[in-house]
Amino acid sequence: MAWVDVGGGLPAPTKLRSEEALRELKERVLRGTTTIGLRCADGVVLATDRRVTAGYYIAHKRGKKIYAIDDHVAATVAGAVADAQKLVDTLRVEAKLYRYDADRPIPVKALATLASNVLFSARPLIYVVRVLLGGVDSEEGPALY
């Protein structure tokens with residue numbers, strides 16, 4: 001199967017419908033970024049590596065992979081940079097709108113549900129991104145999704 005490269009060594013979304021393309025994408029994802037989240041009694045710890053890679057190629061040694069969404073919640077990302085940035089921007093805007101409308105921070109669980117809906121709504125094209133959301137809110141306390 002021929003791949004259409006759209007940057008970062010990932011196949012074009014139209015090519016992701018075949019089983020062979022999905023297997024190849026899974027192999028590339030398994031060689032990708034490491035992110036970890038720990039939920040403790042007092043809070044949440046998020047950590048990632050810093051290397052930016054495309055397959056076995058190291059594009060940069062110091063990339064940003066943890067993003068603040070709001071004052072109480074952050075996300076780690078792995079995958080296509082453009083997809084990750086688009087998702088983070090969407091979550092930031094929605095968190096600000098929630099804070100403005102409800103006069104309180106968005107619950108971490110609600111933000112995780114929103115992220116799930118955004119990712120699912122992109123079908124049949126997909127976001128090539130994996131996300132961990134972690135934070136502390138008044139409803140759940142420390143939460144990790």
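If the condition is being of a type in the set (S, T, N, Q) and at pLDDT below 95, then segment 79-115 contributes only Gln85. Take the conditions (1) of a type outside the set (Phe, Trp, Tyr); (2) closer than 22 Å to Glu139 by Cα; (3) modelled with pLDDT under 80; Leu30 misses just one of them, which is (2). Residues of segment 103-120 that are touching a residue at least 12 places away in the same chain (Cβ under 8 Å) and under 13 Å from the mean Cα position of the chain (by Cα): Leu111, Ala112, Leu114, Ala115, Val118, Leu119. Selection of segment 81-102 for residues being surrounded by fewer than 20 Cβ atoms within 10 Å (Cβ to Cβ), under 21 Å from Gly37 (Cα atoms) and more than 9 Å from the chain's Cα centre (by Cα) yields Val81, Asp89, Arg92. Only a single criterion out of (1) under 30 Å from Ser18 (Cα atoms); (2) basic (Lys, Arg); (3) more than 11 Å from the chain's Cα centre (by Cα) is not satisfied by Lys64, namely (1). Going through Ala112, Ala143 one at a time, which residue ends up being in a helix (DSSP H, G or I), within 25 Å of Gly43 (Cβ to Cβ) and small (Gly, Ala, Ser)? Sole residue among the options that is in a helix (DSSP H, G or I), within 25 Å of Gly43 (Cβ to Cβ) and small (Gly, Ala, Ser): Ala112.
Checking Arg92, Arg123, Arg50 one by one, the residue that is free of Cβ contacts under 8 Å to residues at least 60 places away in the same chain and closer than 29 Å to Ser18 by Cβ is Arg123 and no other.
Under the condition of being farther than 15 Å from Asp137 by Cβ, exposed (fewer than 15 other Cβ atoms within 10 Å of the Cβ) and among the small types (Gly, Ala, Ser), the residues counted in segment 64-80 number 0.
Out of all the residues in segment 59-66, is one or more at pLDDT 85 or above and in a strand (DSSP E or B)? Yes, because at least one residue in segment 59-66 is at pLDDT 85 or above and in a strand (DSSP E or B). Considering segment 33-49, the residues that are surrounded by 14 or more Cβ atoms within 10 Å (Cβ to Cβ) and either more than 13 Å from the chain's Cα centre (by Cα) or among the charged types (D, E, K, R) (or both) include one that is modelled with the lowest pLDDT, namely Asp49. Taken over segment 123-140, residues that are among the basic types (Lys, Arg) and surrounded by 13 or more Cβ atoms within 10 Å (Cβ to Cβ) amount to 1.
The values are calculated or read from the model by the stated rules, or taken from the named source; none is laboratory data. Given the structure is predicted, the values throughout are model-derived calculations rather than measurements. Counting neighbours? That spans all protein chains shown, and the Cβs are built from the backbone with ideal geometry, glycine included.
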